[in-house]
1. Against the condition touching a strand residue (DSSP E or B) at 6+ places or on another chain (Cβ under 8 Å) and closer than 14 Å to residue 345 by Cβ, how does residue 291 come out, does it pass?
2. Being under 18 Å from residue 175 (Cβ atoms) and in the same structural domain as residue 83 (by TED's automatic domain parsing) is the requirement here; does residue 104 meet it?
3. Going residue by residue through the range 390-399, is there one that turns out to be touching a strand residue (DSSP E or B) at 6+ places or on another chain (Cβ under 6 Å), in the same structural domain as residue 317 (by TED's automatic domain parsing) and part of a strand (DSSP E or B)?
4. I need a count of the residues in the range 277-287 that are modelled with pLDDT of 90 or more and closer than 20 Å to residue 253 by Cβ.
5. As an exercise: evaluate residue 100 against (1) surrounded by 12 or more Cβ atoms within 10 Å (Cβ to Cβ); (2) at pLDDT 90 or above and give the number of the one condition it does not meet.
6. For the range 277-323, enumerate the residues that are under 22 Å from residue 398 (Cα atoms) and assigned to a strand (DSSP E or B).
7. Within the group 250, 221, which residue is loosely packed, with under 15 Cβ neighbours inside 10 Å, in contact (Cβ under 8 Å) with a residue 24 or more places away in the chain and assigned to a helix (DSSP H, G or I)?
8. If you go through the range 332-352 one residue at a time, do you hit one that is assigned to a loop (DSSP other than H, G, I, E, B), surrounded by fewer than 22 Cβ atoms within 10 Å (Cβ to Cβ) and free of Cβ contacts under 8 Å to residues at least 40 places away in the same chain?
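The values are calculated or read from the model by the stated rules, or taken from the named source; none is laboratory data. Small disclaimer: the values here were computed from a predicted structure and weren't measured. In this analysis, Cβ positions are derived from the backbone assuming ideal geometry, glycine residues included, and neighbour counts consider all displayed protein chains.
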């Protein structure tokens, strides 16, 4: 009997902007009330993320940052649902057919009774049939089921996976999502259990040519959709050599690495302390997130004025990773509209031994990110784009933005002296 060939899949995905202007985008640590924590993007209404200069979208001036979404195909026959692809989450959450919450009414429901592939999830004696997850100021209550989940309509890249089938969804944040559910691409530490981790299930089913995936986020000038490549590298999107960084831990489930410091025009800001920071690459976050003290330190150094009078002179913002300072520019970390300039940062409270910085859309637009489950590492490469705002070629921009040396001593360096 011949072995089934492994697959490579290129998905075109969209950047969706939230449909509610009066919101603040914030990444939270979602708490599972019965077992372990998971994570998910939150659009949270009516609260500031940082001090006076925040990512607040509390007026119609500043629309919420985008999330990456596309289609997933669940069951046999396949039911197509729109989901956000979130590397900072570990479960699949879909609105169930029986969900009567107002937040569910604008979404296409998943109906397990229409699928011939659905299976009952076997529970331990101390496990309830439903699970309640806190999501920031809201919550979701969901039943557990198992079904065939595919990334393509023709049974492409499929794995039997346990799903959280929502029976209740709070208005905030779920009514703000312009998609149906969430598919977590995080490590198993973010999943309720091993069988809930879709990427792990794909690997066990030997569906992937290589157990990794890459994310390239398009700029408006590219005139094409963003892409997630499963099973291979997005070679045509790479604008530099790949910088490989080992994951600093797998326990949290985040795709996280160690970071020395944060810089402004290559000058270290000393925000990461003696032990450094952690950097998590998070497609579910449309901003740069971090502890309030770190975010306020960044905002003070950048000094972004809402009237845009200093926009042309804003510095490059860098993240010192593996001896290389990966810079992003004002075009990534400021949203400039006819109403003014709005920094794309959010204060995040996450339990961690070291400050956790969430590198969302502003960073992910500038750099291709490769999530390698084989060697437990992250790959970073300058992302090729068309018609760069600076007028540079991709080669010129990559050379300028991927700097080898930052100026000044980090807190860790000073501690050693």
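1. On the way: touching a strand residue (DSSP E or B) at 6+ places or on another chain (Cβ under 8 Å): yes; closer than 14 Å to residue 345 by Cβ: yes.
So residue 291 fits the description; yes.
2. yes
3. No: zero hits.
4. 7
5. The number of the failed condition is (1).
6. 279, 280, 281, 288, 317, 318, 319, 320, 321
7. Details: 250 fails: assigned to a helix (DSSP H, G or I).
Sole residue among the options that is loosely packed, with under 15 Cβ neighbours inside 10 Å, in contact (Cβ under 8 Å) with a residue 24 or more places away in the chain and assigned to a helix (DSSP H, G or I): 221.
8. Yes, the range 332-352 contains at least one residue that is assigned to a loop (DSSP other than H, G, I, E, B), surrounded by fewer than 22 Cβ atoms within 10 Å (Cβ to Cβ) and free of Cβ contacts under 8 Å to residues at least 40 places away in the same chain.
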